[in-house]
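As structure tokens, the structure follows; a few thoughts come after it.
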Amino acid sequence: MNIYLDNAATTRCLPEAAEACSHVLTECYGNPSSLHTMGMNAENYLKDCRKTIASTLKTSPKEIVFTSGGTESNNLAIWGSARARKRRGRHIITTMIEHPSVYNTFAALSDEEWDVTYLPVDNNGVLSLEVLEKSLREDTVLVSVMHVNNEIGTIEPVEEIAKLIHRLSPKALFHVDAIQSYGKLPLYPGSIGIDLLSVSGHKLHAPKGSGFLYINEKAHILPLLYGGGQEGTMRSGTENVPAIAGLDVAVQEVFKDQSSNTDRMYSLRHELIRRLSRIDGISLNGYKDERSAPHIVSLTIEGVRAEVMLHALEAKGIFVSSGSACSSNRPSVSRTLTAIGLKGDALENTIRLSFSIHTTPEEIADAADAIEEQAALLSRFKRK
């Protein structure tokens, strides 16, 4: 039996979510913009999902815009904010450890003569509030900081960040990439001052191609796509109703026992760390405790390249990652690992294990044993 521990890359779609997709594809396939019954039935799936999501965030359904996933949500938030505010200022801020869909978007804005500040983090991946405070300016119009780092799991202090931004740079919008935290950690954007929040469905057992962007009703941004004016003009194009129907099912399931699911994943994480910490040559990146997300563990294994360990575990039916799946097809040095101070071979010797609500204690025990066995075996062949 396979042990899948790459859930930060993607999760298995819930059977009930897949069934909802299939039903809409074959039975309720009307265009939600059509005025006849088939169209209105399709539109009801959008309304229901919007209500479900809004209830989890304690926001209004009209503040939820459906997208194709995290990359589009992040791009819409960043490009849309910057372009809508360019007359107020051209200074924007992000961190050195953002996902490529954020970091590369800021780099593209830099090419268009936006003044970008990239903030450093400490050895655990945490942004310094003092450094942020010194970086905020009168002409700052956007700050984007992820809630949970996708490689090492560190939780950023987004509530404190929001307070700083709105006190010192009131013209700025605050965007949070919550793709690795939604459904795992409580986060209520409206109450703590987050203006924009990105989520991807396939990280929480919904179909790929589903996601949303929360846009505070007071935040003005411009769309990326123009056309028929769907999603309140913010995302033109016929909505992916089947995927949204699946997203609705997945969100309901994940949030039904969200607190207990989070506690259980923390328990699994602690057990994995306990087992691996006793092994010479294995070190953890980031925090061991609840200052990290419950589902991500980053390990550096002395003398063993990540790719070699990945394939050795794969041969045993255990699937892990060597880093962010969104950049793994282009081998490069991890910005996150570099930013937290890893150097030399350690940058190439780091793997990531990530859990889901379906991960079991037995799978964690088997994975820990396999990593211990393979680390001992493969380190004999380390480069001199």
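Other residues lying with their Cβ under 13 Å from the Cβ of ILE244 contribute a combined charge of 0, Lys and Arg counting +1, Asp and Glu -1.
Dipole of region 46-146 (Lys/Arg Cβ +1, Asp/Glu Cβ -1, origin at the Cα centre): which of PRO120, SER135, ALA84 lies farthest to the positive side? It is ALA84.
Subtracting the Cα-Cα distance of ARG167 and SER191 from their residue separation scaled by 0.36 nm leaves 7.1 nm. Residues whose amide H falls under 5 Å from that of TYR29, counting only those 5 or more places apart or on a different chain, are absent, with hydrogens built in the peptide plane.
Taking a Cβ cut-off of under 14 Å around LEU225, the surrounding Lys, Arg, Asp and Glu residues balance to a net charge of -1, with basic ones at +1 and acidic ones at -1. For the chain, a Gaussian network of Cα nodes joined below 10 Å ranks LYS218, LYS62, LYS316 by mean-square fluctuation, and the top entry is LYS218.
Helices in the chain that qualify as membrane-span-like (whole DSSP H runs, Cα extent of at least 20 Å along the helix axis, mean Kyte-Doolittle hydropathy of 0.5 or higher) are 241-256.
Taking only Cα atoms and a 10 Å spring cutoff, compute GNM fluctuations for the chain and point out the largest among ASP48, ASP115, ASP280. Sorting by GNM fluctuation, first place goes to ASP280.
The magnitude of the dipole of the chain, with charges of +1 and -1 set on the Cβ of Lys/Arg and Asp/Glu and taken from the Cα centre, is near 720 debye. Segment ASP280..ALA346, full-extension length gain: 22.3 nm, with 0.36 nm per residue of separation and the alpha-carbon distance subtracted. Remark: region 155-300 carries a charge dipole of roughly 320 debye about the Cα centre, counting +1 on each Lys and Arg Cβ and -1 on each Asp and Glu Cβ. Working from Cα pairs under 8 Å separated by at least six residues, relative contact order for the chain is 23 percent.
Would you list which aspartates and glutamates come within 15 Å of LYS218, measuring only between C-alpha atoms, while excluding same-chain residues fewer than 8 positions from it? Straight-line reach from LYS218, under 15 Å: GLU63, ASP195. For the chain, carbon and sulfur atoms together expose 51% of the accessible surface, with a 1.4 angstrom probe and every protein chain in place. Cα-Cα over 29 Å: which of LYS62/LYS163; LYS47/LYS86; LYS171/LYS208; LYS58/LYS171; LYS51/LYS208? Too far apart for the 29 Å limit: LYS47/LYS86; LYS171/LYS208. So if a site counts as exposed when it's one of the GluC sites (Glu not before Pro), its DSSP state isn't H, G, I, E or B, and it has at most 16 other Cβ atoms within 10 Å, what's the longest stretch of the chain without one? The longest such stretch corresponds to 28-111. Hydrodynamic radius of region 189-260 by the Kirkwood approach over all distinct alpha-carbon pairs: 13.7 Å.
Average accessible surface for the chain: 44 Å² per residue, computed with a 1.4 Å probe over protein heavy atoms with every protein chain in place. Return the whole-Å distance between the Cα centroid of region 73-98 and the Cα centroid of region 16-69. For region 73-98 versus region 16-69, the Cα centre distance is 29 Å.
For the chain, a Gaussian network of Cα nodes joined below 10 Å ranks LEU276, LEU173, LEU197 by mean-square fluctuation, and the top entry is LEU276.
Length gained on full extension, GLU113 to LYS86, computed as 0.36 nm times the residue gap minus the Cα-Cα distance: 8.6 nm. Here LYS288 is the anchor, and the lysines within straight C-alpha reach of less than 19 Å, apart from those fewer than 8 places off in the same chain, are LYS184.
For Cα extents along the principal axes in Å, the choices are (i) 54, 46, 35; (ii) 66, 53, 34; (iii) 79, 46, 40; which was calculated from the structure? Calculated Cα extents along the principal axes in Å: the matching label is (ii).
The values are calculated or read from the model by the stated rules, or taken from the named source; none is laboratory data. Everything quoted here is computed from the prediction, not taken from an experiment. We place every Cβ from the backbone using ideal geometry, glycine too, and count neighbours over all the protein chains shown. Keep in mind that these areas ignore ligands, DNA and RNA; they rest on the heavy atoms of the full protein, side chains included. Shrake-Rupley method; radii C 1.70, N 1.55, O 1.52, S 1.80 Å.
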